Amino acid sequence: MTIIYFFIALFATTAGSMAGLGGGVIIKPLLDVLGDFNVATISVLSSMTVFSMAIVSIIKQIRYRFKIQYKKTILIGIGSIVGGVIGEKVLKYVLNLSDGSSITTIQNSILLILLISVYIFMNNRNKFKTYNVSGIFSCILIGIGLGSIASFLSIGGGPINVCVLTLFFSMNTKEAAVNSIVTILFSQGSKLISIATTTGFETFDLSVMPFMIVGGILGGILGSRYNKSIKELYVLKVFNFVVISLIIVNFYNITSA
């Protein structure tokens with residue numbers, strides 16, 4: 001059974017690293033479908049896998065000398081650190097107020113709405129006005145929003161990051177994909193540090209974690225290689241395929257719950 005989790009992590013992070021999806025947005029709903037772990041454990045497994053992928057992917061992109069907008073991305077990343085902590089605390093608070101089934105439905109419902117919105121925007125970008133935000137406060141504020149959403153939904157935030165980076169910073173799909181991974185590294189790293197310094201990891205069932213981390217590392221290597229070698233059009237096609245698939249999976253999770 002553990003091999004299934006390895007392949008979920010591998011597929012999710014390969015597509016995630018290549019198209020800026022991160023992987024958590026794929027891992028979270030699929031683990032919900034399998035139903036072997038509770039919401040809190042799925043959140044930790046997803047974050048650890050995506051964090052491992054992000055480290056490897058960024059190292060690879062630096063070696064490939066891909067253009068990363070360091071100033072803006074680091075400012076967004078700083079905001080994502082704050083947002084990651086906020087999202088984790090909100091998730092913990094909501095979990096204390098409701099049962100696991102209710103929070104799963106809430107997460108999948110919000111994610112479904114966001115994915116549909118992202119798909120519409122990314123495939124009609126020419127009809128929308130885009131911006132080139134450069135202010136320090138604005139970049140940090142955007143990062144806080146992205147980090148909070150990603151942490152609360154336990155998804156890493158990939159598709160939402162790509163959409164926001166395209167809208168507010170006028171990046172193309174490939175640039176947004178790579179810069180999205182940097183933001184994911186910050187938000188998921190802060191979330192894991194927050195857990196480690198508060199509740200710790202002893203209460204979570206992390207038996208499949210090593211398999212998922214290995215899958216995440218391999219996915220980061222493969223995804224960053226594909227991002228470098230293929231055209232932007234194909235990156236968008238992968239992005240669209242994954243987003244449509246996730247819309248279907250999230251709809252299934254909502255109806256089955």
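Residues that are surrounded by fewer than 16 Cβ atoms within 10 Å (Cβ to Cβ) and at pLDDT 80 or above do not occur anywhere in the range 142-151. For P210, the conditions (1) under 14 Å from F51 (Cα atoms); (2) crowded, with 18+ Cβ neighbours inside 10 Å; (3) modelled with pLDDT of 85 or more all hold with the exception of (2). Annotation: of all residues in the range 213-257 being modelled with pLDDT of 80 or more and of a type in the set (F, W, Y), the one that is nearest to the chain's Cα centre (by Cα) is F241. When each of L91, L95, L114 is tested for being open to solvent by less than 60 Å² (accessible area, probe 1.4 Å) and touching a residue at least 60 places away in the same chain (Cβ under 8 Å), the lone residue that passes is L91.
Scan the range 196-226 residue by residue and report those that are under 25 Å from L34 (Cα atoms), touching a Ser or Thr at 6+ places or on another chain (Cβ under 8 Å) and of a type in the set (S, T, N, Q). Answer for the range 196-226, where residues must be under 25 Å from L34 (Cα atoms), touching a Ser or Thr at 6+ places or on another chain (Cβ under 8 Å) and of a type in the set (S, T, N, Q): just S207.
Looking across the range 132-141, just one residue is at pLDDT 85 or above, open to solvent by 60 Å² or more (accessible area, probe 1.4 Å) and in contact with a Phe, Trp or Tyr (Cβ under 9 Å, 6 or more places away or on another chain), and that is N132. For the range 157-178, a residue qualifies if it is within 12 Å of the chain's Cα centre (by Cα) and not hydrophobic (A, V, I, L, M, F, W, C), and the qualifying residues are G157, G158, P159, N161. From the list I4, I78, I62, the one residue that fits, being within 21 Å of L206 (Cα to Cα) and either touching a helix residue (DSSP H, G or I) at 6+ places or on another chain (Cβ under 9 Å) or among the aliphatic types (A, V, I, L, M) (or both), is I4.
The values are calculated or read from the model by the stated rules, or taken from the named source; none is laboratory data. This structure is a prediction, so every number in the text was calculated from the model and none was measured. Neighbour counts run over all protein chains shown; Cβ positions are idealised from the backbone, glycine included. Heavy atoms of the whole protein, side chains included, go into the accessibility calculation; ligands, DNA and RNA do not. Shrake-Rupley method; radii C 1.70, N 1.55, O 1.52, S 1.80 Å.
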